[in-house]
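**Student:** Below is a structure I'd like to ask you about.
The values are calculated or read from the model by the stated rules, or taken from the named source; none is laboratory data. Here the structure is a predicted model, which is why all the values come from computation and not from measurement. Reconstructed Cβ throughout: ideal geometry from the backbone, glycine too, with neighbour counts over all protein chains shown.
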Ligand SMILES: *Cc1c(COP(=O)(O)O)cnc(C)c1O
């Protein structure tokens, strides 16, 4: 299948490898590759917001001339290009070891969102970043996997907060030409068009491709002329509130996605569903087996043995339920092809606890996929309790929902300056062995002052980025000067800084510390040992309670009584996350348990020596060891939970965090704090790496599924 690559008009032959490099996100987790782009033209790199595709298109011939004649540049270039080529050509055994010869065992990974890089705004939050990190690690470990997702041409909303603190979505159209995406072509060289089978009215998709190292993602796009206007908008935006549009999205993703793999000739014997949005792909798999002569039950068994379903959502309202009438309307041509009738078909999605509610996608996926997991130990318990009625004969602890705790892609989330520091003390090739906890014991070899200086450098960098963003908003959008302050212009790098950034869903309780406003005022205004907070995050465009929480933070950030020590940074995304998780002193996390299935931003912070102050929920129940941060927990309680939790947070900050942070030796190094930073890195980096996670998926599920092909 030929695929056309974008074309960079002025790229000279000597540097033509930059084209392949720019078109594969491999560059995004290799600092030396990023440096190649930056060295071409620092200003253009900055202006492109670190997007090589955009930058290479815009550079003038002179920009390349310098590099082409610079022996130093060429040395770097040749090395990085050869490393990239070696990486891509690697054909050795993968992590599935014994199965590595099985090329028919390609795994198809389905997810409604992917968080990879800010030039590809195909994500809303944690689920997407988990998927993105998963793919990068599968590439590094050479897991034979292809991914399917959506191309959202309208991306996700760009966040703008108006002067009264209300979030207004500014929609940003994706610049398809300035992103590392390429068209997938058919045998005649046209952009491929695939019809979603058996669905009326007829719906078509076209396909784009993103390369994540060795793992391709095929992105479906319904914005093509052949579709009726309504169908064209199916993939316009992530997570629409319109239930019928949402059903169509999920049909396109699951059924259309399977058909696309078929049309591209990509054999896949295993399907992994990242959350239930693509669960209809299981129907396509069953239909395939029925077409080849199995009866429905045999086909179901075969699909069950070779499908993996990962659930991420302990919030009941987070599961899609489609009214039966709607299901009938779209699937009446479909179920006969499975060899079953109307009732048996709809029964597949019935939740025995609420049989009238409709077709529940999570129940459907749990019933049909034989390998199921939650994303942390605690979430496993929660999920087994939530779905126990699907297995009425089993005691709760025997409910077949296992867990694999989430992890983060270490090469992506380790800050390059930190990485350089670790390179000096950890020995060569440590990054290749980064899920080995013993590697991280070497952290003790790093002198305190070096780790501290690196951390301070990152903190200053963060605050500079924040100030620059405010300055630009002021000069470009002429915002009110008091609004400039809300964005963090008064932040001080010498002050103890706590960071909080998440989606602004109400259960994450971003505004928890505003509960006790008086105590907060005292904390931030302490003359000698003040504290400051940086907040960021988006509310879902339809989530007014979430927006109201954001507004409270915003109002606090411009309240003179809090003296500029609370900042709200607009438009949280991948890029700002890269500064924030590395640059604050403490990462704050206070959702209502057990709503946080896992959480991953705290892992990103820990990896860089930023300890967590977190409620006992999600990953922190496994990560906290008494020496690597702070934890608070309550027995389940009702109305006063927020008040009680906020009291505990204040007490920990006042009694433990502030004294420890400000206790420095004569040379200005807070040795006890650095000890804590070391304990943080050492105890979490290996265990919460995507490498440990992917190896666990491979050992628990992929290997088993492969044996069942
Ligand atoms: C990691 C990350 C998330 C997910 O964070 P959680 O802690 O899992 O909620 C969301 N947005 C961005 C930009 C991230 O980097």
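**Student:** When only residues in the range 308-325 that are in contact (Cβ under 8 Å) with a residue 24 or more places away in the chain and out of contact with any helix residue (DSSP H, G or I) (no Cβ under 6 Å at 6 or more places or on another chain) count, which is surrounded by the fewest Cβ atoms within 10 Å (Cβ to Cβ)?
**Tutor:** Ranking the candidates gives 316 first.
**Student:** Limited to the range 373-431, what total is found for residues that are on the phi < 0 side of the Ramachandran plot and part of a loop (DSSP other than H, G, I, E, B)?
**Tutor:** The qualifying residues number 19.
**Student:** I'm trying to understand the selection: among the residues of the range 422-453, which are touching a residue at least 60 places away in the same chain (Cβ under 8 Å) and within 29 Å of the chain's Cα centre (by Cα)?
**Tutor:** Across the range 422-453, the qualifying residues are 434, 435, 436, 437, 439, 440, 441, 443, 451, 452.
**Student:** Scan the range 259-269 residue by residue and report those that are assigned to a helix (DSSP H, G or I) and in contact with a strand residue (DSSP E or B) (Cβ under 8 Å, 6 or more places away or on another chain).
**Tutor:** 259, 260, 261, 263
**Student:** Okay, next question. Output the residue which, of all residues in the range 42-86 that are part of a loop (DSSP other than H, G, I, E, B) and at negative phi, is farthest from the chain's Cα centre (by Cα).
**Tutor:** Ranking the candidates gives 69 first.
**Student:** Let me ask you something else. Look through 535, 568 and report the one residue that is free of Cβ contacts under 8 Å to residues at least 40 places away in the same chain and assigned to a strand (DSSP E or B).
**Tutor:** 535
**Student:** Another one. Within the range 153-200, track down each residue that is buried (at least 19 other Cβ atoms within 10 Å of the Cβ), under 19 Å from the mean Cα position of the chain (by Cα) and part of a strand (DSSP E or B).
**Tutor:** Within the range 153-200, just 159 meets the criteria.
**Student:** Now a separate question. If I filter the range 641-650 for residues that are at pLDDT 95 or above, touching a helix residue (DSSP H, G or I) at 6+ places or on another chain (Cβ under 7 Å) and under 28 Å from residue 444 (Cβ atoms), do I get at least one hit?
**Tutor:** No: zero hits.
**Student:** I've got another one for you. Say whether the condition of being in the same structural domain as residue 649 (by TED's automatic domain parsing), within 30 Å of residue 45 (Cα to Cα), within 14 Å of the ligand (Cβ to nearest atom) and out of contact with any helix residue (DSSP H, G or I) (no Cβ under 9 Å at 6 or more places or on another chain) is met by at least one residue in the range 565-574.
**Tutor:** Yes, the conditions are met somewhere in the range 565-574.
**Student:** Sticking with this one: Of the residues 70, 97, 133, only one is modelled with pLDDT of 90 or more, away from the ligand (no atom under 16 Å from the Cβ) and farther than 26 Å from residue 284 by Cα; which?
**Tutor:** 70
**Student:** Inside the range 110-130, can you point out the residues that are near the ligand (Cβ under 8 Å from one of its atoms), surrounded by 24 or more Cβ atoms within 10 Å (Cβ to Cβ) and not in a helix (DSSP H, G or I)?
**Tutor:** Selection gives 115, 123.
**Student:** Under the condition of being touching a residue at least 24 places away in the same chain (Cβ under 8 Å) and assigned to a loop (DSSP other than H, G, I, E, B), which residue from the range 454-485 is surrounded by the fewest Cβ atoms within 10 Å (Cβ to Cβ)?
**Tutor:** Ranking the qualifying residues of the range 454-485, first place goes to 480.
**Student:** For residue 150, only one of the following conditions fails: (1) at pLDDT below 95; (2) under 16 Å from the mean Cα position of the chain (by Cα); (3) within 16 Å of the ligand (Cβ to nearest atom); (4) buried (at least 21 other Cβ atoms within 10 Å of the Cβ). What is its number?
**Tutor:** (3)
**Student:** Any residue that is within 18 Å of residue 530 (Cα to Cα), modelled with pLDDT of 95 or more and touching a strand residue (DSSP E or B) at 6+ places or on another chain (Cβ under 6 Å) - is there at least one of those in the range 653-661?
**Tutor:** So far as the range 653-661 goes, yes, one or more of its residues are within 18 Å of residue 530 (Cα to Cα), modelled with pLDDT of 95 or more and touching a strand residue (DSSP E or B) at 6+ places or on another chain (Cβ under 6 Å).
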